[in-house]
Amino acid sequence: MKKVYICSPYASQGIKEQNVKNAVKYCRMAMEKGCLPIAPHVFYTQMLDDDIEAERAAGLALGMELLKGCDEIWVFGSVKGGMIAEIQKAGELGIKVVFMLKNGGEWTWPKA
């Protein structure tokens, strides 16, 4: 099963709750495509406080470790904050980066 890292906004725009709901939707999309979604910003934010710098740094570090075991990283939305480091790390690791496209309100896969 292909492991895909879900890269999407969390803290940006001050709408964390909505961003988590969006990430859960992206995970479901990956699952429906037969993939195993990895979304640290959904899981780790349940036990770490993103507003405490040390805990945010710990969450980002844990996410980077998970990224190492993924086959692809799927990027949703505007790239900001921790997303930049995740995409850069994927590039360093040779992990395929897929920028998802929004078409009429729905996310779609880019043409190969």
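The values are calculated or read from the model by the stated rules, or taken from the named source; none is laboratory data. It should be emphasised that the depicted structure is a prediction, and the values quoted were computed from it without experimental measurement. Using ideal geometry, Cβ is built from the backbone for each residue, glycine included, and neighbour counts are taken over all protein chains shown. SASA here: full protein model, heavy atoms, side chains in, ligands and nucleic acids out. Shrake-Rupley method; radii C 1.70, N 1.55, O 1.52, S 1.80 Å.
Count of the stretch 51-77 residues, restricted to those that are out of contact with any Ser or Thr (no Cβ under 9 Å at 6 or more places or on another chain) and open to solvent by 30 Å² or more (accessible area, probe 1.4 Å), is 17.
Here's a check for you: in the stretch 1-27, which residue that is touching a strand residue (DSSP E or B) at 6+ places or on another chain (Cβ under 8 Å) and part of a helix (DSSP H, G or I) is surrounded by the most Cβ atoms within 10 Å (Cβ to Cβ)? For the stretch 1-27, the residue satisfying everything is Ala23. Candidates in the stretch 28-50 are the residues that are surrounded by fewer than 20 Cβ atoms within 10 Å (Cβ to Cβ), closer than 17 Å to Gly63 by Cα and hydrophobic (A, V, I, L, M, F, W, C); of these, the one that is modelled with the highest pLDDT is Leu36. Is it the case that Leu62 is in contact with a Pro (Cβ under 9 Å, 6 or more places away or on another chain) and free of Cβ contacts under 8 Å to residues at least 60 places away in the same chain? Judged against the criteria, Leu62 is a match. Taking first residues from the stretch 80-99 that are closer than 15 Å to Ala57 by Cβ and partners that are assigned to a helix (DSSP H, G or I) and open to solvent by 50 Å² or more (accessible area, probe 1.4 Å), the Cβ contacts under 8 Å between residues at least 6 apart in sequence or on separate chains come to Gly82/Leu60; Ala85/Leu60.
Reported count of residues in the stretch 63-112, each being hydroxyl-bearing (Ser, Thr, Tyr) and closer than 22 Å to Met31 by Cβ, is 1.
The set of residues in the stretch 78-97 being touching a strand residue (DSSP E or B) at 6+ places or on another chain (Cβ under 8 Å) and surrounded by 17 or more Cβ atoms within 10 Å (Cβ to Cβ) consists of Met83, Glu86, Ile87, Ala90, Ile95. Does the stretch 27-43 contain any residue that is among the aromatic types (Phe, Trp, Tyr) and touching a residue at least 24 places away in the same chain (Cβ under 8 Å)? Looking through the stretch 27-43, none of the residues is among the aromatic types (Phe, Trp, Tyr) and touching a residue at least 24 places away in the same chain (Cβ under 8 Å).
For the stretch 45-64, a residue qualifies if it is farther than 21 Å from Lys21 by Cβ and part of a loop (DSSP other than H, G, I, E, B), and exactly one does: Ile52.
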